[in-house]
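The values are calculated or read from the model by the stated rules, or taken from the named source; none is laboratory data. Computed from a prediction, not measured in an experiment: that's the story for all the values here. Cβ: placed from backbone, ideal geometry, glycine included. Neighbour counts: every protein chain shown. These accessible areas exclude ligands, DNA and RNA; they are computed on the full protein's heavy atoms, side chains included. Shrake-Rupley method; radii C 1.70, N 1.55, O 1.52, S 1.80 Å.
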Amino acid sequence: MANLTALRDHNTAAVLGRIRIAEEISQVELAAATGLTAQAVSKIVQRLAAEGMITAAGRGRSTGGKPRTLLRLVPQARWVVGVQLDRSGLTLLLVDLGGRVEKAVTLPVDPRSAPREVMDRLAEQVEALLAPIPREHVLGVGVACPGPLDQRTGVLHQVTGRPGWDGISLRAELAARLGLAVAVDKDTTAGVLSQPGSADRAFVYLDDGLGAGLVLGGRVQRGARTNAGEFGHQVLDPLGPHCACGSRGCLEALCRAALAAADQDRAADLLGEGVANLVRLLDVDEVVLGGRAVLAAPENYRTRVDAVLQQRLPDPHWQQVAVSVARAGNRAVALGAAGLVLGPLFGEGEADALTPRR
Ligand SMILES: [Zn+2]
């Protein structure tokens, strides 16, 4: 049976990560790619094969001696559930080891519901998705929700518009209900993990709120209190409309006002101004747009944000920024949440953000 702690061992993660990237790879190539000895690779491969997570894919080209056995991942050997919990609903994805979505469920949640009710409902839905799967093949559950929250402890902090959730230990509550490892993170950070991309990239999420997830120098950036990315609350006009956060003229408030007036073009242009600020501050070269507002008119947002960047950057030819819309569409955040659990297995992300499995 797979023991998550053993799987998190650094060398094992390096080997699994390589197998996933290569799709098919020999033990000799694994040793070269990871810097591990042939003996260490052989031991890890034996264990992973015994646990059913990898298998022989066939014979590869040989450099003269006997043909090499190629190894590949067995995607259906392990499963995770990725969850997006937002102000109005739940999205749950059953995701296999290879990151493929097997099943998706979305359901509305009354924003007035008590946190306990919502967490009970969420746990029920997770159990229903996992019902056909042997429990020892379940790696855990990743949950993404609006911040502010403490990603290290999984405790929510004064989520805008949801006072009842302040101080709720979402991670511990769900882990207790499910008896599974649980990771919690901001929706925007999960979003940036939903697809591979540049080592310096941002996921800009315009939905109920507006925020950004950041990867810089190849690492997810969460900041000192794990609250980085409050992109929507940069003040563009100190005399502008009141924002839910208490300030005036935040980018989020300006975008909301434009959306309320059904002026998608203005909302997209404003978003472009914010993205231009972000590029100037952090020099990212890839921006992925997501969230319901964007997905309602994806091409319009992409082209208008791109156009504002061309205007604002001093040398747009040199400072090229790839602007795109999230590939997973409205599943991006829940898929990224699944990645919070899957990532550490392949040597990405931080395994200590997971609660221990009971
Ligand atoms: Zn604000």
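Annotations for the structure displayed:
- With respect to (1) away from the ligand (no atom under 16 Å from the Cβ); (2) farther than 20 Å from V321 by Cβ, the lone exception for C243 is condition (1).
- Count of the stretch 172-200 residues, restricted to those that are of a type outside the set (A, V, I, L, M, F, W, C) and surrounded by 23 or more Cβ atoms within 10 Å (Cβ to Cβ), is 7.
- If you check R78, R100, R112 for being closer than 30 Å to A22 by Cβ and loosely packed, with under 14 Cβ neighbours inside 10 Å, only one passes: R100.
- The C-beta contact set for the stretch 244-261 (first residue closer than 18 Å to R162 by Cα, second residue in a helix (DSSP H, G or I) and within 12 Å of the ligand (Cβ to nearest atom), distance under 6 angstrom, 6+ apart or interchain) comprises C245/H233; E252/G232.
- In summary, H233 fulfils each of the numbered conditions (1) in contact with a Cys (Cβ under 6 Å, 6 or more places away or on another chain); (2) over 23 Å from D200 (Cβ atoms) with the single exception of condition (2).
- Lone qualifier among V220, V215 - being more than 16 Å from the ligand (Cβ to nearest atom) and touching a residue at least 24 places away in the same chain (Cβ under 8 Å): V220
- Any hit, the stretch 136-147, residues being within 16 Å of the ligand (Cβ to nearest atom), outside the structural domain of L281 (by TED's automatic domain parsing) and either open to solvent by less than 20 Å² (accessible area, probe 1.4 Å) or not β-branched (V, I, T) (or both): yes
- Residue in the stretch 180-188 that is within 24 Å of A260 (Cβ to Cβ), β-branched (V, I, T) and at pLDDT 95 or above present: yes
- Of all residues making up the stretch 86-97, the number that are at pLDDT below 95 and not charged (D, E, K, R): 2
- Sole residue being assigned by TED's automatic domain parsing to the domain that holds Q310, part of a helix (DSSP H, G or I), more than 23 Å from the chain's Cα centre (by Cα) and more than 16 Å from the ligand (Cβ to nearest atom), chosen from A262, A253, A258, A268: A268
- The residues listed here are R266, R292; of these, the one that is modelled with pLDDT of 95 or more and closer than 29 Å to G154 by Cα is R292.
Residue-wise test of (1) open to solvent by less than 20 Å² (accessible area, probe 1.4 Å); (2) among the aliphatic types (A, V, I, L, M).
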{"position": "G218", "(1), (2)": "no, no"}
{"position": "R225", "(1), (2)": "no, no"}
{"position": "G229", "(1), (2)": "yes, no"}
{"position": "A244", "(1), (2)": "no, yes"}
{"position": "S247", "(1), (2)": "no, no"}
{"position": "A253", "(1), (2)": "yes, yes"}
{"position": "A258", "(1), (2)": "yes, yes"}
{"position": "A262", "(1), (2)": "no, yes"}
